[in-house]
Amino acid sequence: MRALIGSIIKSNELFKFIKNHDKIMVGVSGGKDSTLLFYALTLYAKMMKEKNNWDIKVYGYHVKINFYENKYDDYLKWMSDHGLEVKIIESNVADILKAKAKNNKVICSLCAKMKKAILVKEAKKLKCNKIAMAHHIDDAIETLFLNMIYEGRIATFSPNMYMDRSKMWLIRPFVLVSEKEIIRTKNRLQVPIITNACPNETTTKRTYLKYFLEQNFYENKNFNNCYNNFKNSLINGKQSYLWFNSNKNTNKDFLKIINYGKLSQIKKIKK
């Protein structure tokens, strides 16, 4: 767990998403990432209490989707053995997703939106100010490529994002953690993860892209350092440069002008 906690410390130095007196709800799916995030944040809170007398509360909540009946006995026993307690929330998410399915496939974005809404509701009951999700650096890299391929923009998720409607911070303390480190820790601690009940698990664009990156880049000897370079490209803000990347051009929709406007309008904006 030292590597995971160390990564949280480093990421918090960069993004300042955990502070004294925070109340943090962790969205625990039952998978390796969120389970270890909950454990790591709990240990981090204890460490900060001993070191700096910080008072950080960490809660673990699991939203039960109910596509299939999962068995929680081994998982909850592991949690208890490690001094953790996760609250399981019943939901009708699966029923809604099935009713709104398109071409017999559930809508992933709708699922994520509903789960987030449930977590926000429960977090407010506990007067939490932050919700922690277990996205790691591999997720960030995949999101970067997905946005370029399918949306024509260079972007990934934010490590620290304020949600205006719910007045809640969404934080990602594992943003500097590699999936390989999570897998190593999961195997070492013998975490009995809950099987993913998502019917789209093996057919999403993200799943395909993950496999593509592994086969064509990460395991390709011609690109020995590409994983670290992909990671560094997200962090290395001083050396990122795009065509219209300047202060006076920030937020200007040049793509719209190129597609629907006139070149004279572009020249005018540049001046």
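The values are calculated or read from the model by the stated rules, or taken from the named source; none is laboratory data. Because the structure is a prediction, the values reported are computed rather than measured. Neighbour counts are summed over all protein chains in view; Cβ atoms, including those assigned to glycine, are modelled from backbone coordinates with ideal geometry. Keep in mind that these areas ignore ligands, DNA and RNA; they rest on the heavy atoms of the full protein, side chains included. Shrake-Rupley method; radii C 1.70, N 1.55, O 1.52, S 1.80 Å.
Candidate values (i) -0.28, -0.45, -0.55; (ii) -0.21, -0.36, -0.45; (iii) -0.30, -0.50, -0.61 were compared with log10 I(q)/I(0) by the Debye sum over Cα atoms at q = 0.07, 0.09, 0.10 Å⁻¹ computed on the shown model; the agreeing label is (iii). What percentage of the solvent-accessible surface of the chain, computed with a 1.4 Å probe over protein heavy atoms, is contributed by carbon and sulfur atoms? Carbon and sulfur together cover 52 percent of it. Looking at the chain, the accessible area is 64 square angstrom per residue; that uses a 1.4 Å probe and ignores ligands, DNA and RNA.
Cα gyration tensor of segment 60-204, axes a ≥ b ≥ c as square roots of the eigenvalues: rounded (a/c below 1.5), prolate (a/b > b/c) or oblate? Since a/c stays below 1.5, the shape of segment 60-204 is classed as rounded. Taking amide hydrogens as placed 1.01 Å from N in the peptide plane, the amide H of ILE89 sits under 5 Å from those of HIS62, VAL63, LYS64, each at least 5 positions away in sequence or on another chain. Rounded to the nearest 10 degrees, the angle from helix 179-189 to the longest Cα principal axis of the chain is 10 degrees.
Which pairs, out of LYS23/LYS121; LYS121/LYS210; LYS23/LYS87; LYS102/LYS210, put more than 26 Å between their alpha-carbon atoms? Please report the intermediate quantities before stating the final value.
On the way: LYS23/LYS121 14 Å; LYS121/LYS210 32 Å; LYS23/LYS87 16 Å; LYS102/LYS210 24 Å.
Among LYS23/LYS121; LYS121/LYS210; LYS23/LYS87; LYS102/LYS210, the Cα-Cα distance tops 26 Å for LYS121/LYS210.
Evaluated with a Cβ-only charge set (Lys, Arg +1; Asp, Glu -1), segment 8-47 carries a dipole of roughly 80 debye about its Cα centre, given to the nearest 20.
What's the longest bit of the chain with no exposed GluC sites (Glu not before Pro), using DSSP loop states and at most 13 other Cβ atoms within 10 Å as the test? Write out the running numbers ahead of the final one.
Numbers: sites that count: GLU69, GLU85, GLU90, GLU201, GLU219.
It works out to 91-200.
When only Cα pairs below 8 angstrom with a gap of at least 6 residues are kept, segment 6-76 shows a relative contact order of 36 percent.
Per-residue 3J(HN,Hα) values for segment 126-143, derived from phi via the Karplus relation 6.51 cos²θ - 1.76 cosθ + 1.60 with θ = phi - 60°, read 8, 6, 6, 10, 9, 10, 9, 10, 9, 5, 10, 5, 4, 4, 5, 5, 4, 5 Hz in sequence order (x marks Gly and Pro).
If both residues of a DSSP beta bridge must be in the chain, then about 25% of such bridges are antiparallel. Here segment 74-185 is assigned +1 on the Cβ of each Lys and Arg and -1 on the Cβ of each Asp and Glu. Its dipole about the Cα centre then comes out at about 620 debye.
With charges set only on the Cβ (+1 for Lys and Arg, -1 for Asp and Glu), what does the dipole of the chain come to about its Cα centre, in debye to the nearest 20? Could the numbers behind the result be given before it?
Details: 48 positive and 24 negative charges, 288 e Å.
Here the chain has a charge dipole of around 1380 debye.
Divide by every residue of the chain the summed helix terms, -39500 (n - 2.57) for each DSSP H run of at least 4, and state the resulting mean residue ellipticity at 222 nm, rounded to the nearest 500 deg cm²/dmol.
Working: 11 runs with 129 residues, N = 271.
Mean residue ellipticity at 222 nm (helix-derived): -14500 deg cm²/dmol.
Run through segment 23-123 and list the trypsin sites (Lys or Arg not before Pro) located in a DSSP loop whose Cβ has at most 12 other Cβ atoms within 10 Å.
Numbers: sites: LYS23, LYS32, LYS46, LYS49, LYS51, LYS57, LYS64, LYS71, LYS77, LYS87, LYS98, LYS100, LYS102, LYS105, LYS113, LYS115, LYS116, LYS121; in loops: LYS64, LYS71, LYS100.
Answer in residue order: LYS71, LYS100.
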